Amino acid sequence: MTKRSDTDFLRNQSGRSQSRDIWNVAVDEYAQGFLKRRDLLKYATLLGLTGFAASRGLFTSGARAATTGGTVRVGLGQPTKAIDPVSVTDPASIGVISQVGEYLILDDPKDGLQPKLALSWEADETAKRWTFKLRPGVKFHDGRTVTARDVAASFERLVDPASGSSALSAYKGILSKGGAKVVDDETVAFDLDGPNSNFPFYVSSDVYNAVILPADYAGDFEKNFNGTGPFKLDSFRPKQGASFVRNTDYWGDKALPDRVEIKFFDDEQAQVLALQAGQLDVIPSTPRLELSIDGNPNFKLLSVQASSHDQVHLRTDQAPFTDKRIRRALALTIDREAVVKGLLKGRAVVGNDTPFAPIFPSADPSVPQRKQDIAEAKRLLGEAGVPNGFPVTLTTERAYDIPDYAVLIQNFAKKAGIDIKLNVLPQDAYYGSATFGSSPWLDSNLGITDFGHRGTPDIFLNATLKSSGAWNAAHFNDPAYDALLSDYGKARDLQAQRLAAGKIQNLLLDETPLIISYFSQYSRIVSSKVEGVRFTAISHLLLDRVSFV
C-alpha cells in the first residue's frame, strides 16, 4: 500500500463525528512525516478508537508461543508502609499490586494506551465529559462482578481529600469529588473540572493509584489483595514477601506461570547476590547494580525509554533566584551530554528544562536546545549584579543517582563562580509532610527531586508548574503560563497541542523555574532463563506472559 492510499484508508476510520476531525488532523500529520505510524495508532487509542488500533495489530505482541508453568521469583525493596492502592507511592508496593490490580487502561511503554477494564472511551465536543464503556463479565477475586458502581467509587475515593489518597495532586484541577458518575452498569462518565484532551491517561496505569477496587473497599488490601488481575493472593508476609497463583477465572488470557514469588530486601546489593546465586529471576536495576552483571551472559538488562527525570527547582520567589537571569545562568553551566554519557551511562536522552520529553508527540522539536555556555552564564550573572557568583545551598534526597548528580551540578556551577553547598537528606526527611511550609522538598531554595514516568506531560505541567500546583517547589506563579496550560488542555488535535506546547517550552526556557537536563530510561535486570518480563517506567511489573527457556 502506498503512503497516499494508506493515508486515505486511515482517514476513513473514525466513525464518531466528534472524533473524525481530530483523527483527520492526526492523519495529516502522519502524511506530512510529523508522526510515525505507531505513534498515529497510539493516538487512535487516546481518541478511543480501540477497535481500529487492534485491527492494525497494535495490541498484539507478535511473541512466539510460550509454554505454561513454573514460578517467577522476584526481588523488590521493602514497601515503605502498608500496601494499599489508594495511598501507595513506593516502587516495591506498585510491583506487588501489579500482580492482582488492574486499571481501566494500561499505558504500555511500547504500544501506548491499551484497553483493560475499559473497552472504549470517547469525549464530547468540549473534551470536558469523557464516557467509558466497561468490559462485561469481569470478576474480582472474591467472585463479585465489576460494575460501573465499583469504577465510579474507585475514582471518587481517589479524589476525596479525606481518603488519604496519594493521587490527589495528580487530579487537582482535573477531576473533583462528584465528577465520576454511573451511567449504567457498564458505562461510567467523568465530568472534568475543565477540558482535557489527554484525560484517558489520568484513568490509566500512569496514575498508579487508579486500580479498580470494589465499591465497598475498606482500606484492608493486605488482607486479601482483592483485584481483577491475572494472579491472586496465595500468602502475604509483611517485611518478608508475598506469593501469588494463577487466577483461573481471569477475564483475559490466563497467566503462563503457575506462581509468582516476591521477596522483599532491605539492601539492593543483596538482591543482585540472590540473582547471581540463581535464587531470583527479576530485580530492579540501578547503574551500580548493572556493573555487577555487565558482560555476564547469564543475565540481561531490559530497558524502556521514559519521561522520568530528576527535576532541579529554583525558588522564583526567593533570592537569588527571583532574577530569571540568575536562573538561566545556573542552567547554562550544566553539560547535559556529559551527564547522560557519564552519570547515566547513555541510558537517557538530553532534556531542555521543560517536562516535554522527546517521547511525547505533542513536544515541539523546533524549540532550541539549551547547551552548556559558561561565557553566557557569566555574562548573565554580571548583568544581574553578581559577576563573581554567589553562594547557595542545594537540598536534595539520598536516593538513586541524585547525590552524584548534585555533585556534578556543584562542579559545573563552580565554572561560573556559583558556590553550591550540598544538603543531602534521607528521603523521608526530604519530603517531610509533602506540604508547603513543612517539607524541604517544597520549601528549599534550590533542590533536586525525582519524578517518575508519565505517558503525557500534563501531570508534570499542572502539579509542578501551575501557580496552584501541589508540587510547585519552584513557587512559580506566572499567569501567562497558566493561560497557555489551559490552551494546551483544550487542544483537540496534535497540531494544536504542539502549537501550545511550543509556547510553553519557550516560556519555560526564558523563565527557567526548573532545570531538567535529562529523561532517563527505566530498567530491570533479568535472568537469561526467562522470557516475557514486561514492566512500565512507573514500576508496574507485568509477569503474566513470562515463560522459561
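The values are calculated or read from the model by the stated rules, or taken from the named source; none is laboratory data. All figures in this text were calculated on a predicted structure; none of them were measured in a lab. Virtual Cβ from ideal backbone geometry, glycine too; neighbours counted across all protein chains shown. When the accessible area is computed, the model is the full protein with side chains, heavy atoms only, and any ligands, DNA or RNA have been set aside. Shrake-Rupley method; radii C 1.70, N 1.55, O 1.52, S 1.80 Å.
What percentage of the solvent-accessible surface of the chain, computed with a 1.4 Å probe over protein heavy atoms, is contributed by carbon and sulfur atoms? Intermediate values should be presented prior to the final figure.
Values: 10910 of 21570 Å².
Percent of accessible area from carbon and sulfur atoms in the chain: 51.
For the chain, what is the relative contact order in percent, using Cα pairs closer than 8 Å and at least 6 residues apart in sequence? Please report the intermediate quantities before stating the final value.
Details: 1149 pairs, mean separation 102.3, N = 549.
This gives 19 percent for the chain.
Determine, for each peptide in 185-198, 351-364, 234-247, the mean count of other beta carbons within 10 angstrom over its residues, then list the peptides with the highest first. Intermediate results must be reported in sequence, preceding the final value.
On the way: 185-198: 18.7, 351-364: 22.4, 234-247: 16.3.
The densest-packed peptide leads the list: 351-364, 185-198, 234-247.
Given charges of +1 on the Cβ of Lys and Arg and -1 on the Cβ of Asp and Glu, with all other atoms neutral, how large is the dipole of the chain about its Cα centre, in debye to the nearest 20? Show your work: numbers first, answer last.
Working: 63 positive and 65 negative charges, 210 e Å.
Once rounded to the nearest 20, the dipole reads 1020 debye.
In Å², what does the accessible area per residue of region 449-499 work out to with a 1.4 Å probe? Intermediate results must be reported in sequence, preceding the final value.
Working: 1610 Å² over 51 residues.
Accessible area per residue: 32 Å².
For Arg149 and Asp234, what does the FRET efficiency come to when R0 = 30 Å and r is the distance between their Cβ atoms, rounded to the nearest 0.05?
Numbers: r = 29 Å, r/R0 = 0.96.
For Arg149 and Asp234, the calculated efficiency is 0.55.
Calculate the FRET efficiency for Lys181 and Asp220 from the Cβ-Cβ distance with a Förster distance of 30 Å, rounded to the nearest 0.05.
Details: r = 27 Å, r/R0 = 0.89.
About 0.65, to the nearest 0.05.
Using only the alpha carbons, work out the radius of gyration and Dmax of the chain in angstrom.
23.4, 70
Trp251: accessible area at probe 1.4 Å, nearest 10 Å²?
The accessible area of Trp251 comes to roughly 80 Å².
So with the 1.4 Å probe, I'd like the accessible area per residue for region 319-440, rounded to whole Å². Let's see the in-between values first.
Values: 5540 Å² over 122 residues.
Each residue of region 319-440 exposes 45 Å² on average to a 1.4 Å probe.
Looking at this model, which pairs from Lys128/Lys172; Lys116/Lys223; Lys116/Lys139 are more than 18 angstrom apart at the alpha-carbon?
Values: Lys128/Lys172 15 Å; Lys116/Lys223 25 Å; Lys116/Lys139 13 Å.
With Cα atoms farther than 18 Å apart: Lys116/Lys223.
Which whole-Hz ³J(HN,Hα) couplings does region 250-261 yield from phi under the Karplus relation 6.51 cos²θ - 1.76 cosθ + 1.60, θ = phi - 60°, glycine and proline marked x?
4, 5, x, 4, 5, 4, 6, x, 6, 9, 10, 10
Label points 7 Å out from Cα along the Cβ direction at Asp294 and Ala162: separation in nm?
About 5.5 nm, to one decimal.
Where in region 507-523 does the label zone of Asn477 land, with the point 7 angstrom along Cα→C-beta and an amide N cut-off under 18 Å?
What the label zone holds, given the 18 Å backbone N cut-off, is 511-514.
May I ask you to compute the full-extension gain from Asp404 to Ala270, defined as 0.36 nm times their residue separation minus their alpha-carbon distance, rounded to one decimal in nm?
The span from Asp404 to Ala270 would gain 46.1 nm if fully extended.
Subtract the Cα-Cα distance of Ser120 and Lys254 from 0.36 nm times their separation in residues, and report this length gain in nm to one decimal. Can you show the working numbers first?
Numbers: separation 134, 0.36 × 134 = 48.24 nm, distance 2.20 nm.
Gain in length upon complete extension: 46.0 nm.
Would you list the membrane-span-like helices of the chain, meaning whole DSSP H runs whose alpha-carbon atoms span at least 20 Å along their axis and whose mean Kyte-Doolittle value is at least -1.0? Don't skip to the end; give the middle numbers.
Details: long enough: 17-31 (21 Å, -0.62); 494-511 (25 Å, -0.05).
Within the chain the helices that satisfy the rule are 17-31, 494-511.
Which of Thr435, Pro320, Pro91 sits closest to the plus end of the dipole of the chain, meaning its Cα is farthest towards the positive end, when Lys and Arg get +1 and Asp and Glu get -1 on the C-beta?
Pro91
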